[in-house]
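Since the structure comes first, as structure tokens, the remarks are kept for the end.
The values are calculated or read from the model by the stated rules, or taken from the named source; none is laboratory data. What you see is a predicted model, and the numbers here were worked out from it, not measured in a lab. For neighbour counting, all protein chains shown are included, and Cβ atoms are generated from backbone atoms with ideal geometry for every residue, glycine included. Only protein heavy atoms, including side chains, enter the accessible area calculation; ligands, DNA and RNA are left aside. Shrake-Rupley method; radii C 1.70, N 1.55, O 1.52, S 1.80 Å.
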Amino acid sequence: MDVNLSKKPLKWAELGFQYIKTDFRYSAVFQDGDWLPGSLISEENMLIHEGAPSLHYAQQCFEGMKAQTTQDGRVVLFRPALNSERMNRTASRLLMPEVPQALFIAAVEEAVRANYGWIPPYGSGAALYIRPMLIGVGENLGLKPAQSFEFRVFVSPVGPYYKSAGLAAISLAVSDFDRAAPQGTGSYKAGANYAGGLLATLKAQELGASEALYLDSASHRFIDEAGSANIVIALTSGELVTPSSQAILPSITRRSVMEIASQQFEMPTQERAIDLRAEFDSFAEMSACGTAAVLSPVGRVYFDSKWHIVNGDGYTVGPVMQKLYDSLVQLQRGEVEDRFGWLHEVEM
Ligand code: PLP
Ligand code: COI
């Protein structure tokens, strides 16, 4: 396909995190035990059987990635092989066929390339969000896996996930609901985990928070994660810690931030259980992190019926999160050397 190299007339810097219909999406179908050749399509609506297991029993999963334009005009993905591995781990847990990594990467690249005009330009602060998804389709009634599956990749230009421009502190409210059981599906990117979180997010927002924060469901003491992002905490000791939990999504952003902290800034880092109430006073700075969230400093946390300030006045961004954020986004935008080899160029 010839790539149309002109950009769409969008106000890139004003984009929020919303679906914008782009020109193409990639679709491949798994049938009779094999993947059929996939292709780009223009139709965004899916025709799905009313009995499809994805609709009734949530036999589906998804991924979230971004393509960005670098300072020198390249279009890059961030560690896409890790998204492919995570999707396949989820697929296996939900008795869905794995998407071969070559198919996953090719589909993402094709969807990005075909929608060149929708990729936000360098310097706009926006990115092209990529949503790979795998769903069980076809006729079914009883509780059993689908016979056929669709793997689809659509894209949408997006701005910041939280309603604050640039790097500004967000707030989290500890949820009374549990997100995931210790041996449940919390560490998989299954849509089912998110349906249960909608009410928790709403309740957090009613308190004035940006989103819900979940504690571990066994003891309600230890930090698990936020509704759509993991948590990292800079302690007053100078250490950067992040919760170890079997019930949270293994975030690619978190893994990268921890690697930047230890390898670039030589900070001591540790993944361990973090007791919210017992340790709160030792929190110097806290952030939510994820593909959509990037690294969003958390200024205030609501628990035990009141707001608790993490640092400063609850709205300011601390120096540790500022430098980790700068390093991450500079790397993702190709403004500094890709010393970790994390960028994957999409040839246009
Ligand atoms: N936790 C949850 C529940 C998420 O939905 C996401 C988003 O993908 C993350 C964490 C962050 O993961 P990643 O950094 O791989 O995007
Ligand atoms: C992402 O960060 O990519 C996610 O999937 C989070 C989602 C809830 C928007």
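The table that follows gives values for the structure above.
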read-out: Test: residue in region 47-60 that is over 14 Å from Val137 (Cβ atoms) and within 16 Å of ligand 2 (Cβ to nearest atom); value: no
read-out: Strands (runs of 3 or more DSSP E) fully within region 233-348 counting 1 or more residues that are away from ligand 2 (no atom under 16 Å from the Cβ) and farther than 28 Å from Ala218 by Cα; value: 343-345
read-out: Selection count, region 274-326, where residues are farther than 19 Å from Gly159 by Cα, within 16 Å of ligand 1 (Cβ to nearest atom) and among the hydroxyl-bearing types (Ser, Thr, Tyr); value: 0
read-out: Qualifying positions in region 246-260 - closer than 27 Å to Leu77 by Cβ and more than 10 Å from ligand 1 (Cβ to nearest atom); value: Met258, Glu259, Ile260
read-out: Filter result for Leu15 (surrounded by 14 or more Cβ atoms within 10 Å (Cβ to Cβ), in contact with a helix residue (DSSP H, G or I) (Cβ under 8 Å, 6 or more places away or on another chain), in contact (Cβ under 8 Å) with a residue 60 or more places away in the chain and closer than 27 Å to Arg254 by Cβ); value: no
read-out: Candidate set from region 63-79 (those that are away from ligand 1 (no atom under 11 Å from the Cβ) and buried (at least 16 other Cβ atoms within 10 Å of the Cβ)); member that is nearest to Ile252 (Cα to Cα); value: Leu77
read-out: All positions within region 146-190 that are open to solvent by 30 Å² or more (accessible area, probe 1.4 Å), part of a loop (DSSP other than H, G, I, E, B) and touching a strand residue (DSSP E or B) at 6+ places or on another chain (Cβ under 6 Å); value: Arg179
read-out: Residue tally, condition of a type outside the set (S, T, N, Q), out of contact with any strand residue (DSSP E or B) (no Cβ under 8 Å at 6 or more places or on another chain) and open to solvent by less than 30 Å² (accessible area, probe 1.4 Å), over region 83-104; value: 1
read-out: Residues of region 191-232 satisfying the condition of being part of a loop (DSSP other than H, G, I, E, B), within 11 Å of ligand 1 (Cβ to nearest atom) and touching a residue at least 60 places away in the same chain (Cβ under 8 Å); value: Ser228, Ala229
read-out: Subset of region 25-44 [under 23 Å from the mean Cα position of the chain (by Cα) and open to solvent by 60 Å² or more (accessible area, probe 1.4 Å)]; value: Glu44
read-out: Among (1) open to solvent by less than 20 Å² (accessible area, probe 1.4 Å); (2) in contact with a helix residue (DSSP H, G or I) (Cβ under 9 Å, 6 or more places away or on another chain) - the single one Ile274 does not satisfy; value: (2)
read-out: Meets criteria (among the small types (Gly, Ala, Ser), open to solvent by less than 10 Å² (accessible area, probe 1.4 Å) and in contact (Cβ under 8 Å) with a residue 40 or more places away in the chain) for Ser287; value: yes
read-out: Selection status of Leu295, out of contact with any Phe, Trp or Tyr (no Cβ under 6 Å at 6 or more places or on another chain) and either at pLDDT 95 or above or open to solvent by 10 Å² or more (accessible area, probe 1.4 Å) (or both); value: no
read-out: Selection status of Ser54, small (Gly, Ala, Ser) and open to solvent by less than 30 Å² (accessible area, probe 1.4 Å); value: yes
read-out: From Ala200, Ala212, residue being buried (at least 23 other Cβ atoms within 10 Å of the Cβ) and under 19 Å from the mean Cα position of the chain (by Cα); value: Ala212
